[in-house]
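**Q** Quick one: the structure is below, questions incoming.
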Amino acid sequence: MVDDIDAITPCPVGPAASAETMRPIDDLRTTRSASPSSFRSSIDISRRRASVKALEEGTEGDPDRLWMRMLALQRKFGCYNSARMSAALSSGNVSLLRPSKACLDLLNENMAVLPDSVISWLRPN
């Protein structure tokens, strides 16, 4: 099962990419004032890290065990947006469809922040 969600498409190179559209990073604004939304996003990042840490507890770094926990979490709470996970759950080919550890980490970076009740569910007894 191939889905565009898992596809990586390169940026166009050639006549369509002009020097005007490709600006150096120095042109970007580097100063930023603190705002309530940036404070809120730092709290979200902290909560997301706590969520990922709870997910990885008990796996001892084993990608197979992490994948199984992620699938259980998806099955129960639906907190990922991944065509690969949907395919694994619907087909039953969970080990065949397990992505690399780097991909698992990317999925977890974009996971929704988990409520405390879900984190408690994840933690080993």
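**Q** How long is the stretch 58-109 along each principal axis, judged by its Cα atoms, biggest number first, in Å?
**A** 26, 21, 18
**Q** Shifting gears a bit: Between the stretch 71-93 and the stretch 96-123, how far is it from one alpha carbon centroid to the other, in angstrom?
**A** When both Cα centres are located, 11 Å separates them.
**Q** Heavy atoms only, probe 1.4 Å: what % of the accessible area of the stretch 83-125 goes to carbon and sulfur, would you let me know?
**A** Details: 1370 of 2590 Å².
The value for the stretch 83-125 is 53 percent carbon and sulfur by accessible area.
**Q** How much accessible area per residue does the stretch 63-124 have, counting only protein heavy atoms and a probe of 1.4 Å, in square angstrom?
**A** Values: 3430 Å² over 62 residues.
Spelled out: the 1.4 Å probe surface of the stretch 63-124, per residue, equals 55 Å².
**Q** Could you check the spin-label model distance between residue 100 and residue 83? Points 7 Å from the Cα along Cα→Cβ, value in nm.
**A** A separation of 1.9 nm, rounded to one decimal place.
The values are calculated or read from the model by the stated rules, or taken from the named source; none is laboratory data. Just so we're clear, the structure is a prediction, and the values are computed from it rather than from any experiment. For neighbour counting, all protein chains shown are included, and Cβ atoms are generated from backbone atoms with ideal geometry for every residue, glycine included. Protein only, heavy atoms only, side chains kept; ligands, DNA and RNA dropped before computing areas. Shrake-Rupley method; radii C 1.70, N 1.55, O 1.52, S 1.80 Å.
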